[in-house]
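In what follows, a structure is listed as structure tokens, so that the remarks can point back to it.
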Amino acid sequence: MELVEESPYRFRIDRCDPMRVPGVVFASRALIPHVDEDRWPQQVANVATLPGIVGASYAMPDVHWGYGFPIGGVAATDVAAGGVVSPGGVGFDISCGVRLLAADLDRTDLPRVRDALMDGLDAAIPRGMGRGAVWQLADRAELDAVLRGGSRYAVERGHGVPRDLARCEDAGVVDDADPGQVSDRAVQRGQQQVGSLGSGNHFLEVQAVDEVHDEAVAAAFGLRAGQVVVMIHCGSRGLGHQICTDHVRAMERAMPGHGIEVPDRQLACAPVRSPQGRAYLGAMAAAANYARANRQLLTAAARRVFARTAGSGLHLVYDVSHNLAKIETHGVDGADRRLCVHRKGATRALPPGHPQLPADLRAAGQPVFVPGSMGTASYVLTGVAGAPAFASTCHGAGRVRSRAQAGKSVRGQELRRELQARGIAVRGASWRGLAEETPQAYKDVSAVVDVAEAAGLCRRVARLVPLGVVKG
DNA sequence: ATGTGC
């Protein structure tokens, strides 16, 4: 799989049959040193074969191998031209995403409250593979209310304020959720997990704004140097996972009837305008609402701890997903088209002036949050006008070593000691989980963000550093 | 990511 360098930050995989469009990779040679051995370039090419795909099969600078589609992949299909939707283009953790909250605290305030704050969060934030969650749902009817109402339902039930919804992608609720397309098994898995972090790379971090790159935009986001912030990264837990599994199977069975062939069965897909396509999008929207309610409930739990231990509020900056397919309008060859934009490990980044932004963010653009690996920096970015890849950018540092490899390379206890020695408080769920998230398993997030900016995908706004991590 | 395989 040859990558042709078009510019220092843009590479092309030339179209050859059965690709319908070329591949485009936003990266630098330094970020993809083992490209000849990596499996993701073939995945970028495979995605380019999907019916209805327009432009190119894109990869963000944090691209790595995933299920069918690469993580860090963006692909848009033309709905009216038989364009498909593919669950593998969203990923198992549907609407996994990040929200950032600004505290009424400066980092110099933190030492006096840190232990009480971190112990409070340790007790209040359910996480790991167990069953604990902030909310216990009474029955399927209440889960359906979550699946239809997302963050809005959580706020209506007293777990937030109206401003939280204004600062969420889609105002906290995706329309057209169809709980009828969510299987009983998915419901069972989701019933007792609303308001829980999960495991893997999910976390709640207390951070400080370490450096501001753009004062005006940071101010519009409500951020200033030295400020304490909270970042929450989690998704739709077992419910989203089960929905992905169920609908991949249904699409595999339906593909012959639609005359669709794909080079990898993990690219199972169906036309957006087909029973299977509509069924998946309805279930996906339900999982997206579940994930937003999940982040909203964890926000409410964190607010109670911040109020009690630090006398501080937490004000939502924004909440944005990095695993989702959305029907959006984009210009293609000079005409506006309705596209199904898959972002898997890629973040929507609307430019300044976009009508879907709340009025107080419109001049600044959409906030994007890029968590680094544990113990390293995270970034706040904003969208830019005229960006390629359907207004999308990176979502994280990008894993370079498998969980198994990482878990063998370091002991969790040792990692915690190192982080605490650097002044980062750690409240983990399991020692192995901690070891698997060692920063050595990830790329340098600063290099990823530098390339994303240089490639014209986004602009840097602020750099955040961790003070305390509550790890899933 | 995930009742860490179906």
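The values are calculated or read from the model by the stated rules, or taken from the named source; none is laboratory data. Just so it is clear, the structure is predicted and the values come from calculations on it, not from any experiment. Don't worry about glycine lacking a Cβ; one is built from the backbone with ideal geometry, like all the others, and counts go over all protein chains shown. Accessible surface is based on the protein model in full, side chains and every heavy atom, while ligands, DNA and RNA are left aside. Shrake-Rupley method; radii C 1.70, N 1.55, O 1.52, S 1.80 Å.
Close amide H contacts of A:Gly198 (hydrogens built in the peptide plane, cut-off under 5 Å, sequence separation of 5 or more or a different chain): A:Gly128. May I ask you to compute the full-extension gain from A:His330 to A:Cys16, defined as 0.36 nm times their residue separation minus their alpha-carbon distance, rounded to one decimal in nm? So the chain would gain 110.5 nm between A:His330 and A:Cys16. A compact globular protein would have a Cα radius of gyration near 2.2 N^0.38 Å; the ratio found for segment A:212-282 is 1.87. The convex hull defined by the C-alpha atoms of segment A:190-247 has an orientation-averaged projected area of 5.9 nm².
Per residue, the Cα convex hull of segment A:359-472 amounts to 116 Å³.
Summarising the label geometry, the points placed 7 Å from Cα in the beta-carbon direction at A:Glu156 and A:Met129 lie 3.6 nm from one another. Taking the C-alpha atoms only, the angle from helix A:237-258 to the longest principal axis of chain A is near 0 degrees. PRE reach from A:Ala307 (point 7 Å along Cα→Cβ): which of segment A:115-137 fall under 19 Å by backbone N? So the set is A:116-126, A:134-136. In order along segment A:264-270, the Karplus-derived 3J(HN,Hα) couplings, from 6.51 cos²θ - 1.76 cosθ + 1.60 at θ = phi - 60°, round to 9, 4, 6, 8, 2, 7, 8 Hz, and Gly and Pro are given as x. Computed on segment A:357-408, with alpha-carbon pairs under 8 angstrom and 6+ residues apart, the relative contact order is 30 percent.
On full extension, the segment bounded by A:Gln188 and A:Arg401 gains 73.4 nm, given 0.36 nm per residue less the C-alpha separation.
Quotient of the Cα radius of gyration of segment A:96-192 and 2.2 N^0.38 Å, N being its number of residues: 1.32.
Once Rg and the Kirkwood radius are both taken over the C-alpha atoms of segment A:198-325, their ratio Rg/Rh works out to 1.13. Using θ = phi - 60° in the Karplus curve 6.51 cos²θ - 1.76 cosθ + 1.60, the 3J(HN,Hα) couplings for segment A:42-55 round to 5, 5, 4, 5, 4, 4, 5, 8, 5, x, x, 5, 10, x Hz; x is entered for Gly and Pro.
For chain A, averaging the sequence separation of C-alpha pairs within contact (under 8 Å, six or more residues apart) and dividing by the residue count gives a relative contact order of 22 percent. Counting lysine pairs in chain A that sit 8 or more residues apart in sequence, or on different chains, and whose Cα atoms lie under 27 Å apart gives 6. Per-peptide packing, taken as the mean over residues of other Cβ atoms within 10 Å, places A:372-381, A:258-267 in the sequence A:372-381, A:258-267 from highest down. Helix content alone sets the calculated 222 nm mean residue ellipticity of chain A: runs of n ≥ 4 DSSP H residues at -39500 (n - 2.57) each, divided across all residues, give -10000 deg cm²/dmol. Each Lys and Arg adds +1 at its Cβ and each Asp and Glu adds -1 at its Cβ; summed about the Cα centre, segment A:41-184 shows a dipole of about 240 debye. Sorting A:Asp36, A:Asp319, A:Asp170 by solvent-accessible area of protein heavy atoms yields A:Asp36, A:Asp170, A:Asp319, largest first, with a 1.4 Å probe. Of the residues A:Met1, A:Met60, the one with the largest accessible area comes first in the ranking A:Met1, A:Met60, computed with a 1.4 Å probe on protein heavy atoms. Heavy atoms of the protein chains alone define the surface here; on that basis chain A has 37 Å² accessible area per residue at 1.4 Å probe size.
Here segment A:251-368 is described by how far its Cα atoms reach on the three principal axes: 61, 35, 22 Å, from widest to narrowest.
Over every Cα atom in chain A, the radius of gyration and the widest Cα-Cα span, Dmax, amount to 20.8, 65 Å.
Rounded to the nearest whole angstrom, the semi-axes of the ellipsoid equivalent to segment A:144-273, taken from the Cα gyration tensor as √(5λ), stand at 35, 20, 16, largest first.
Using C-alpha pairs under 8 Å with a sequence gap of at least 6, the mean separation divided by the residue count of segment A:394-463 gives a relative contact order of 44 percent. Using the Cβ-Cβ distance between A:Gln42 and A:Asp175 with R0 set to 51 Å, the FRET efficiency works out to roughly 0.90.
Computed over protein heavy atoms with a 1.4 angstrom probe, the accessible surface ordering of A:Tyr58, A:Tyr67, A:Tyr318, largest first, is A:Tyr67, A:Tyr58, A:Tyr318. The value obtained for segment A:1-135, namely the Cα convex hull volume divided by the number of residues, is 208 Å³ per residue.
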